[in-house]
1. How much of Glu88 can a 1.4 Å solvent probe reach, expressed as accessible area in Å² and rounded to 10?
2. Going out from 0 in 10 Å bins, what whole percent of all Cα-Cα distances in the range 323-435 drops into each bin?
3. Quick one: net charge of Tyr425's neighbours, Cβ under 9 Å, K/R +1, D/E -1?
4. Please report the carbon-and-sulfur percent of the accessible area for the chain; probe 1.4 Å, protein heavy atoms only, DNA, RNA and ligands left out.
5. Estimate the FRET efficiency between Arg448 and Gln31 by the formula 1/(1 + (r/R0)^6), using the beta-carbon distance for r and 30 Å for R0, to the nearest 0.05.
6. May I ask you to list the lysines whose Cα is less than 26 Å away from that of Lys206, ignoring any residue fewer than eight positions away on the same chain?
7. Taking only protein heavy atoms into account and a 1.4 Å probe, give the accessible area per residue of the range 271-328 in Å².
8. Per residue, how large is the accessible surface of the range 1-93? Use a 1.4 angstrom probe and give square angstrom.
Amino acid sequence: MKNQSNRSGVGIDDMVAYIPKLFLPIEDLAQARNIEFAKLNKGLGLSAMSCPDANEDAATMAANAVRQLIEQNNIHPRQIGRIYVGTESAMDGSKPTASYVLEMLSRYFEPQYGSACFLHCDVVDLTFACIGAVDALQNTMDWVSAGPDRLGIVVGTDVAKYDLASTGEYTQGAGAVALLVKQEPRLIAFGSNWGIASKGEHDFFKPKRKIRKEEIIDEVFSMAGIKSITALELLSRLNGHLEGKGIISMPDAEVYLHKDTPVFNGPYSNECYQNRIREALRHYAEQAGLPETEALTDNWFRLIFHLPYAFQARRMFSEIFVEEAKVRGDFHQLIEEAGQTEPGADDYEEEGTYQKAMAQFLRAVTKTSRYRNFVAEKIEKSERASAQVGNLYTASIFLALMSTLEADLRDGTMLEGKEFGFFAYGSGSKSKVFAGHIQEGWKAIVSRFRLMDRLAERKVIDYPTYEKLHRGKLSGPVEENPERFALHSVREDRDDQEGARAYDWLRKVSVEV
């Protein structure tokens, strides 16, 4: 592979993950849903689901991660030129999550650095499903590369929430990963080549749901057994009134609802994921000027993916693995071990029949020792944290990086100068493929991750508690005395402040014995 420019040494200098202190064992969810646990554990790699407490959201998790990043690197807030947040869990259609993060950090650091310590820090949200934080990273690296003293922070923060009993529920998770971006980074420096593949799809999205008011009233009347008046009769009494503030009394005929849970099609989303990462990889090869005869992933010591669930990458990468076997020249040995020949589209009259045959062939490929060894060498270490946390949407790919680095540190692996390949994906849909070199100072940075140790210190919750948290039925947090940022209240008493969110820093209270 050609030697790449490392963007004048621009990349990630340090990383911090904030994962909520609560988790639900996947085995408990499987039992509640009458699903065989092995299908989730052995099939998808799931062990536990990170659950945000009642007073946690995307803003608090991001603020908690950034606070630790600033403190452990002894950074003066005025040195930070931007905090860019990648999220699809925003609490507002206009006010960015990043502004809430800035507010919390400003109050926290004010006693030490003054009230204007973040006044000149640029903040914004970037939203493109799960790839938003990678977009923020690429954008921030461009900015950092223009000045040797520039420091930027990128945060991926999300609550991956699905409808109860849906097919996505068991992949849920929550957390944030904050990245310190600078020139001459101690951890990883990225190259200048970025493969991109974008296409408008509807594999996963969170639309504004529209419902007519009479439908709402009809549902309430039906549940209450009310037959003395119809929804239309009730609404006719409100015609002409403009001063209504309630959902029913407001003058609009329709109501728009926002739900944190998505509309999604799992198999279609997997297809989009496969197509975009393959297309982005080809574009990357073109950008890097690499010959078509080169198997690209052979040159990457580890592969880091967006992981909606722990085993996503190993289940989705088989098609690229086959393509690279053809380039490498060992495709014949691969199909011999798989015990199947690759189906050809021309051999089938219907596209659906061909796709089924291809899926069967790729499954056979994943069972070969060649593919299993490939997964064990390139991917498996990235899955370990995901298995214990679940999907973090925008932060998922960076959690996979932290998981890999920490596992390699514990194994005594020599990573200095090794190149990692990254496969980012966001539904809707877009993929970015890029690469980075591990720097000489990586061990000192990774040694303070304590990622798996911190996951082991979390508090297990039972299924009833999980469901109450999911439904928003708890009046207070499960964990009463942690030291972190938390949501204090949402304003409802003033029209000009309706929905305004207030946050506090919770301090540990000393208990005298």
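The values are calculated or read from the model by the stated rules, or taken from the named source; none is laboratory data. Quick caveat, the model's predicted, so the values are computed rather than measured. Heads up, the Cβs are rebuilt from the backbone with ideal geometry, glycines too, and the neighbour counts pull from every protein chain shown. Please note that ligands, DNA and RNA were not included when accessible areas were found on the heavy atoms of the full protein model with its side chains. Shrake-Rupley method; radii C 1.70, N 1.55, O 1.52, S 1.80 Å.
1. The accessible area of Glu88 comes to roughly 30 Å².
2. Final binned percentages: 11, 30, 34, 21, 4, 0.
3. Details: positive: Arg276, Lys430, Lys432; negative: none.
For residues surrounding Tyr425, the net value is +3.
4. Working: 11410 of 23970 Å².
It is 48 percent, rounded to a whole number.
5. Details: r = 37 Å, r/R0 = 1.23.
Efficiency, from the Cβ-Cβ distance: 0.20.
6. Cross-link targets: Lys95, Lys161, Lys245, Lys259, Lys430, Lys432, Lys468, Lys473.
7. Solvent-accessible surface per residue comes out at 37 Å².
8. Working: 3330 Å² over 93 residues.
Heavy-atom SASA per residue in the range 1-93 reads 36 Å².
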